[in-house]
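Take a look at the structure set out below.
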Amino acid sequence: MKIKSVVILLFVVNFIGLNMIAVDILAQERRERVKIRIIYPAQEEVRDGGVLDDPMDILVLVNKDWSLPEYFEADDLVVPNIPYLSRVARENRLLREEAALALEKLFAQAKEDGIKLYGVSAYRSYARQKFLFDYYTKKLGEEEAKRLSAKPGHSEHQSGLAIDLTSSSVGYGLTENFGETKEGKWLAQVGPEFGFIIRYPQGREDTTGYSYEPWHIRYVGEEAALEIHKRGIVLEEYLGK
């Protein structure tokens, strides 16, 4: 029995070791691929905008007119230390380092104010966004899919600067009702102090291109966030695009 136990233990250790090596190799390949794509971004035209010259800019504009390069993935993605709805660690927990640190401070303030928030989804790759958009298109039709979701390359989630949040007040879902809860109101009011804005505010679909999403916050830095909040404008207007 002891020999059998040792064999099983060695098998498990070996299996875990090989998996860790494989993950490390994939991560290295991904980092190298990102460096190449940032130096040589695709230059295809996208409607009246185009492919962004500097996808690493904190104020990068990603919408239906401006897209990120297909294989872009920021090289400073980290996992912020906040509670997530899912206990399974996935890539959708990732955020750019600056945004992640700001989010941790935002959650610390929320705790002090008696507000309980949960992270749902942050980073999303081009491939994952393509899968989601194709799914919505199949289920709802292309026009409705464009209103509710972003085409691949046009999602802020790919930038690593956006995250969806929720609370128990809305059954941990992503719904417009979140904006009427104490958590949603707190987030809209206090978020700018930490560099976050409600990216798709109510009644601004004609400018942002997307329906109201009180759960979707975008990191733009404190200066820009406070100015956007004070003036009651959206990122497109702040950037003059």
Qualifying positions in region 112-123 - of a type outside the set (S, T, N, Q) and under 17 Å from Leu85 (Cβ atoms): Ile115, Lys116, Leu117, Tyr118, Gly119, Val120, Ala122, Tyr123
Failed item, numbered, when Glu73 is tested on (1) among the acidic types (Asp, Glu); (2) assigned to a helix (DSSP H, G or I); (3) closer than 18 Å to Glu156 by Cα: (2)
Count, please, the residues in region 111-124 that happen to be touching an Asp or Glu at 6+ places or on another chain (Cβ under 8 Å), farther than 20 Å from Glu91 by Cβ and not β-branched (Val, Ile, Thr). 2
Please specify each residue of region 184-241 satisfying the condition of being over 24 Å from Lys111 (Cβ atoms), free of Cβ contacts under 8 Å to residues at least 60 places away in the same chain and among the hydrophobic types (A, V, I, L, M, F, W, C). Ile228, Ile233, Val234
Residue list for region 206-225, restricted to those being buried (at least 22 other Cβ atoms within 10 Å of the Cβ) and assigned to a helix (DSSP H, G or I): Ala225
Region 170-181, residues that are out of contact with any helix residue (DSSP H, G or I) (no Cβ under 7 Å at 6 or more places or on another chain) and of a type outside the set (Gly, Ala, Ser): Tyr172, Leu174, Thr175, Glu176, Glu180
Does any residue of region 108-117 turn out to be at pLDDT below 95, loosely packed, with under 14 Cβ neighbours inside 10 Å, acidic (Asp, Glu) and under 27 Å from Thr181 (Cα atoms)? no
Go over the candidates Leu85, Leu161, Leu140, Leu103 one by one and state the one that is touching a Pro at 6+ places or on another chain (Cβ under 9 Å) and either modelled with pLDDT of 95 or more or of a type in the set (A, V, I, L, M) (or both). Leu103
Of the residues Ser155, Ser159, Ser149, only one is within 27 Å of Asp75 (Cβ to Cβ), in contact with a helix residue (DSSP H, G or I) (Cβ under 8 Å, 6 or more places away or on another chain), small (Gly, Ala, Ser) and in contact (Cβ under 8 Å) with a residue 40 or more places away in the chain; which? Ser155
If you go through region 168-185 one residue at a time, do you hit one that is part of a loop (DSSP other than H, G, I, E, B), at pLDDT below 95, of a type in the set (Ser, Thr, Tyr) and more than 19 Å from Ala99 (Cβ to Cβ)? no
Single match in Ile233, Ile228 (criterion: of a type outside the set (D, E, K, R) and not in a helix (DSSP H, G or I)): Ile233
Filter result (under 20 Å from Ser211 (Cα atoms) and out of contact with any strand residue (DSSP E or B) (no Cβ under 7 Å at 6 or more places or on another chain)) within region 159-182: Ser159, Val170, Thr175, Asn177, Glu180, Thr181
Those residues of region 79-102 that are free of Cβ contacts under 8 Å to residues at least 24 places away in the same chain, touching a strand residue (DSSP E or B) at 6+ places or on another chain (Cβ under 7 Å) and either surrounded by fewer than 22 Cβ atoms within 10 Å (Cβ to Cβ) or in a loop (DSSP other than H, G, I, E, B) (or both) come to a total of 1
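Conditions (1) crowded, with 22+ Cβ neighbours inside 10 Å; (2) among the β-branched types (Val, Ile, Thr); (3) over 28 Å from Asp113 (Cα atoms), marked per residue:
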| site | (1), (2), (3) |
| --- | --- |
| Glu144 | no, no, yes |
| Ser149 | no, no, yes |
| His157 | yes, no, no |
| Gly160 | yes, no, no |
| Thr166 | yes, yes, no |
| Lys182 | no, no, no |
| Val190 | no, yes, no |
| Gly195 | yes, no, no |
| Arg204 | no, no, yes |
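The values are calculated or read from the model by the stated rules, or taken from the named source; none is laboratory data. Source: prediction; values computed, not measured. Neighbour counts run over all protein chains shown; Cβ positions are idealised from the backbone, glycine included.
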